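> Structure in structure tokens, see below.
We did not get these values from a lab; they are worked out from the coordinates using the rules stated. Predicted model, so just to flag it, every value in this text is computed and none were measured. No Cβ is skipped: glycine too gets one built from the backbone with ideal geometry, and neighbour counts run over all protein chains shown.
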Amino acid sequence: MGLTARLTSSFHYLKFFFPLFLVSLSLYSLVHGLTPGWHLLWVIGGLVLLEFALGETEYNHDYQRPAVFVAMMYAYILLTLMLYLVFLWVLAFHFRGTDLLGLADAVYALTHTDMTEAHQGNSVASLLFYTLMVGTVGGAGAIGLGHELSHRTREPLATFIARVAGIPAAFTYYAIEHGPGHHITVATDDDSSTALRGESLYRYFLRTMPRDYRMAWDIETDRMRRLGLSKFSWKNRLLHGWAAEAALFLAVTWVSGFMGLLFFSLAALWTHFAYKLATYGQHYGITRVPGSEVKPHHAWDCANRFDFWLLAGGSRHTHHHLDGSVEFWNLENIPNAPRLRFGYLVTILAGTIPPLWYKLSTPQLIEWDEKWATPEERELADRANAKSGIPALEARSRQDDAAILYPESA
């Protein structure tokens with residue numbers, strides 16, 4: 001599908017350990033009670049600059065030691081679960097004054113770090129920062145690398161761990177819904193991960209989050225039906241996940257009270273929002289005839305180097321949708337696929353500001369309609385343009401209608 005580089009140097013593997021560095025840094029910050037304050041803006045700005053500076057690459061990669069990546073994924077999941085445990089300790093200490101599971105004593109014995117002193121004066125602002133940090137970095141374990149593990153359906157342990165990683169974020173449905181749901185319905189009205197044209201990120205989140213759960217329920221109840229079992233059978237994996245989530249959240253309430261539950265739930269909610277923030281840019285406005293073949297133009301691709309390392313290959317989204325079984329390190333650039341105008345970080349930040357998002361995305365959609373859409377998809381796109389509320393897209397729809405009605409003047 002393009003240029004291929006055979007890679008053996010350790011450096012080429014270490015680049016993918018950036019997420020592991022972030023979760024380790026987050027765990028260190030949580031244990032030591034560190035908050036960045038306004039320095040966080042410098043961190044975000046630095047990441048965006050890296051995205052611009054490193055630019056795009058057309059190379060595909062032939063990694064000779066894939067076991068390194070598998071080990072990295074499992075290490076990230078382990079650190080993610082540790083991060084949630086320390087976060088729960090912080091909440092229990094703040095709201096109940098307890099040393100949950102003797103964790104502070106254990107950490108002091110091993111590192112001479114006094115967690116009780118570090119968190120003695122936590123403010124609400126500090127707790128909110130920890131909540132967003134855990135929801136973002138910990139959620140990346142459940143979504144990003146958990147997503148990769150959920151596609152390893154030939155390995156029951158991998159899919160099980162993907163679901164376990166999703167428990168703290170109330171995300172156990174994801175491993176059930178993602179493959180048989182999103183990958184089958186992508187870019188159609190049935191897909192809960194495709195934003196409509198003119199739909200803001202916030203409306204998209206409120207509309208599709210409940211649909212994720214409904215789709216997961218429909219998939220699992222259909223599986224139960226094919227097995228000749230009740231949808232409430234003990235073999236229903238979705239019920240297993242919900243029971244585990246309920247047990248954890250009850251335990252959170254027990255050890256940290258209702259205020260602790262509030263912050264823990266906010267972290268889970270933020271993880272769901274961050275997930276929608278990513279899928280918003282990956283599929284925004286693309287149309288496909290239901291049941292038709294998924295082709296390269298049915299997802300927005302991104303060739304940015306830094307995003308490929310940071311997101312465990314998630315930026316090469318086109319190839320992922322063409323074959324979900326391909327491991328992230330083997331995902332390739334697809335030459336004949338529509339690409340985002342900017343990297344993922346800029347795209348995500350722009351998505352939070354609807355006027356800016358519409359300004360950046362509208363020319364992309366018009367190009368997609370002209371260059372990529374089939375005649376049937378063009379009809380779907382015209383209908384979506386007419387309902388979008390975006391003047392340039394509405395005008396585009398009227399032009400196409402006029403061309404159909406008066407072909408001689410087109």
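> For a label point 7 Å from the Cα of D218 along Cα→C-beta, name the residues of region 170-208 whose backbone N is under 15 Å from it.
177-194, 208
> Apply the Karplus parameterisation 6.51 cos²θ - 1.76 cosθ + 1.60, with θ equal to phi minus 60°, to every residue of region 15-28 and state each ³J(HN,Hα) to the nearest whole Hz, in sequence, with x for glycine and proline.
Once θ is set to phi - 60°, the couplings for region 15-28 become 4, 7, 8, 4, x, 5, 5, 5, 5, 5, 5, 5, 5, 4 Hz.
> Once amide H atoms are placed 1.01 Å from N in the peptide plane, what residues at a sequence separation of 5 or more from Y284, or on another chain, have their amide H within under 5 Å of its amide H?
Sorted by chain and number, the residues that satisfy this are A195.
> Does region 106-218 come out rounded, prolate or oblate, given a ≥ b ≥ c as the square roots of the eigenvalues of its C-alpha gyration tensor, rounded meaning a/c under 1.5 and, failing that, prolate meaning a/b above b/c?
oblate
> If you don't mind, there's one more thing I want to ask. If you take the square roots of the eigenvalues of the alpha-carbon gyration tensor of region 249-348 and sort them as a ≥ b ≥ c, do you get rounded (a/c under 1.5), prolate (a/b over b/c) or oblate?
prolate
> Amide H neighbours of N60 under 5 Å, counting only residues 5+ apart in sequence or on other chains, H built in-plane at 1.01 Å?
Amide H to amide H, under 5 Å and 5 or more residues apart or across chains, N60 pairs with L3, T4, A5.
> Determine, from the Cβ-Cβ distance of F232 and R211 and an R0 of 30 Å, the FRET efficiency 1/(1 + (r/R0)^6), rounded to the nearest 0.05.
For R0 = 30 Å, the calculated efficiency reads 0.90.
> Would you kindly state how much longer the chain becomes between D323 and A251 on full extension, computed as 0.36 nm times their sequence separation minus their alpha carbon distance, in nm to one decimal?
Between D323 and A251, full extension yields an extra 22.0 nm.
> List the residues whose amide H sits under 5 Å from the amide H of D301, counting only those 5 or more places along or on another chain, with H placed 1.01 Å from N in the peptide plane.
R339, L340
> Does region 27-133 come out rounded, prolate or oblate by the C-alpha gyration tensor, with a ≥ b ≥ c the root eigenvalues, rounded set by a/c under 1.5 and, if not, prolate when a/b is larger than b/c and oblate if not?
Verdict is oblate for region 27-133.
> Additional query: How do the peptides 249-261, 334-346, 53-65, 160-172 rank, highest first, by the average count of neighbouring beta carbon atoms within 10 Å per residue?
My ranking of the peptides, most packed first, is 160-172, 334-346, 249-261, 53-65.
> Taking 7 Å along the Cα-to-C-beta vector as the label spot, tell me the L349-L14 distance in nanometres, rounded to one decimal.
Each label point is offset 7 Å from its Cα along the Cβ direction, giving 2.7 nm.
> Just to check I understand the Karplus step: with θ = phi - 60° and J = 6.51 cos²θ - 1.76 cosθ + 1.60, what whole-Hz values come out for region 175-189, glycine and proline as x?
5, 7, 7, 4, x, x, x, 4, 5, 8, 9, 3, 6, 10, 5
> As a quick test, which of the pairs K15/K276; K15/K371; K15/K295; K295/K387; K359/K387; K231/K387 have an alpha carbon distance above 28 angstrom in this structure?
Working: K15/K276 26 Å; K15/K371 34 Å; K15/K295 30 Å; K295/K387 25 Å; K359/K387 17 Å; K231/K387 38 Å.
The pairs that break the limit, which is 28 Å between Cα atoms, are K15/K371; K15/K295; K231/K387.
> Then there is this: Going by Cα centres, region 261-320 and region 165-233 are how many Å apart?
14
> Take each of the peptides 191-202, 115-126, 232-243, average the number of other beta-carbon atoms within 10 Å over its residues, and list them starting from the highest.
Put in order of decreasing packing, that is 191-202, 232-243, 115-126.
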